[in-house]
Amino acid sequence: QNEKVKALSQVEDMLEKYGIQAVAIGNGTASRETEEFMRKVSLPEGCKVWTVSEDGASIYSASEVARKEFPDEDVTVRGAVSIGRRLMDPLAELVKIDPKNLGIGQYQHDVDQSLLKEKLDNTVESCVNSVGVNLNTASPYLLSYVSGIGPSLAENIIAYRNANGAFKSREELKKVPRLGAKAFEQCAGFLRIRGAANPLDNSSVHPESYGIVDRMATALGVTTKELVGNSGLCAGIRAE
């Protein structure tokens, strides 16, 4: 309270030193006061202040997942990292927390717990599958919610990625140990590869339908790369 000027200059020094592009504030106790304080700080150009949900952040910071990710940090640092990541990629961060700890209502303990868990997991799975997952940045926790991939296959994908570098195509998934044809068929359409040679690897089109898209492009006299994301060209496709 009595050292606001000193605190302001310290925060400004940190923003400059680390090249901060965004500030995330958890919406818990004193978040409004913290936001008010940050408004007085002269922020670097383009830097913005955001308030994010901190539901379950303290539970995450003391969890086994957090201990595995940050074995040398204490709970306050882990909690801060979680809040920052919620601004960068909320879904990837929130899947690490048991949905029951995300404040879903005061009567959640009165219902059948296994049924509740099943329904919540189904919801998380459907969110992950509808948004899609970046294959080269996803954590094992996020990957394990993708259709056809469980915790052990997720670990295998991460191990393969660590050993061989980033995936260059969806086809490369077939080289992952124990990821068979059935699992590939289920998961491939939900995994995205940014900057892949084939633009369809970064879309929701399943590999088994790539041929159809190629035929559409040929019919229009363009390449598949030119067709993907071009609504004008897509409008010219005759579905029949």
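The values are calculated or read from the model by the stated rules, or taken from the named source; none is laboratory data. As the structure is a computational prediction, the values presented were derived from the model and not from experiment. All Cβ positions, glycine included, derive from the backbone under ideal geometry; neighbour counts span all protein chains shown. Side chains included, ligands, DNA and RNA excluded: accessible areas come from the protein's heavy atoms. Shrake-Rupley method; radii C 1.70, N 1.55, O 1.52, S 1.80 Å.
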Exercise. Could you check, for segment 59-81, whether at least one of its residues is under 18 Å from Met14 (Cβ atoms), small (Gly, Ala, Ser), in a loop (DSSP other than H, G, I, E, B) and open to solvent by 60 Å² or more (accessible area, probe 1.4 Å)?
Key: no
Quiz item: Which residue out of Thr123, Thr137 is open to solvent by 30 Å² or more (accessible area, probe 1.4 Å) and within 17 Å of Ile193 (Cβ to Cβ)?
Solution: Thr137
Quiz item: Just wondering, is there one or more residues in segment 152-170 that are in contact (Cβ under 8 Å) with a residue 60 or more places away in the chain and among the hydrophobic types (A, V, I, L, M, F, W, C)?
Solution: no
Quiz item: Do we find a residue being in a helix (DSSP H, G or I), closer than 28 Å to Lys68 by Cα, of a type in the set (Phe, Trp, Tyr) and in contact (Cβ under 8 Å) with a residue 24 or more places away in the chain anywhere in segment 138-146?
Solution: yes
Self-check item: Members of segment 82-98 found to be open to solvent by 60 Å² or more (accessible area, probe 1.4 Å), in a helix (DSSP H, G or I) and either on the phi > 0 side of the Ramachandran plot or not hydrophobic (A, V, I, L, M, F, W, C) (or both), listed by number
Solution: Arg85, Pro90
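Rundown of residues vs (1) touching a strand residue (DSSP E or B) at 6+ places or on another chain (Cβ under 8 Å); (2) surrounded by 17 or more Cβ atoms within 10 Å (Cβ to Cβ); (3) touching a residue at least 24 places away in the same chain (Cβ under 8 Å), yes/no style:
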{"site": "Lys100", "(1), (2), (3)": "no, no, no"}
{"site": "Leu115", "(1), (2), (3)": "no, no, no"}
{"site": "Ile149", "(1), (2), (3)": "no, yes, yes"}
{"site": "Lys182", "(1), (2), (3)": "no, no, yes"}
Quiz item: Could you count how many residues in segment 99-114 are of a type in the set (Asp, Glu) and assigned to a loop (DSSP other than H, G, I, E, B)?
Solution: 1
Quiz item: Taking into account only those residues within segment 11-52 that are in contact with an Asp or Glu (Cβ under 7 Å, 6 or more places away or on another chain) and small (Gly, Ala, Ser), which is surrounded by the most Cβ atoms within 10 Å (Cβ to Cβ)?
Solution: Gly26
Self-check item: Single condition Arg32 does not satisfy, out of (1) part of a strand (DSSP E or B); (2) over 26 Å from Tyr141 (Cβ atoms)
Solution: (1)
Self-check item: Criterion (more than 26 Å from Lys96 (Cβ to Cβ), open to solvent by 50 Å² or more (accessible area, probe 1.4 Å), part of a loop (DSSP other than H, G, I, E, B) and aliphatic (A, V, I, L, M)) met by exactly one of Ala219, Ala197
Solution: Ala197
Quiz item: Inside segment 198-239, can you point out the residues that are over 15 Å from Leu135 (Cα atoms) and in contact with a Ser or Thr (Cβ under 7 Å, 6 or more places away or on another chain)?
Solution: Val213, Asp214, Ala217, Val228
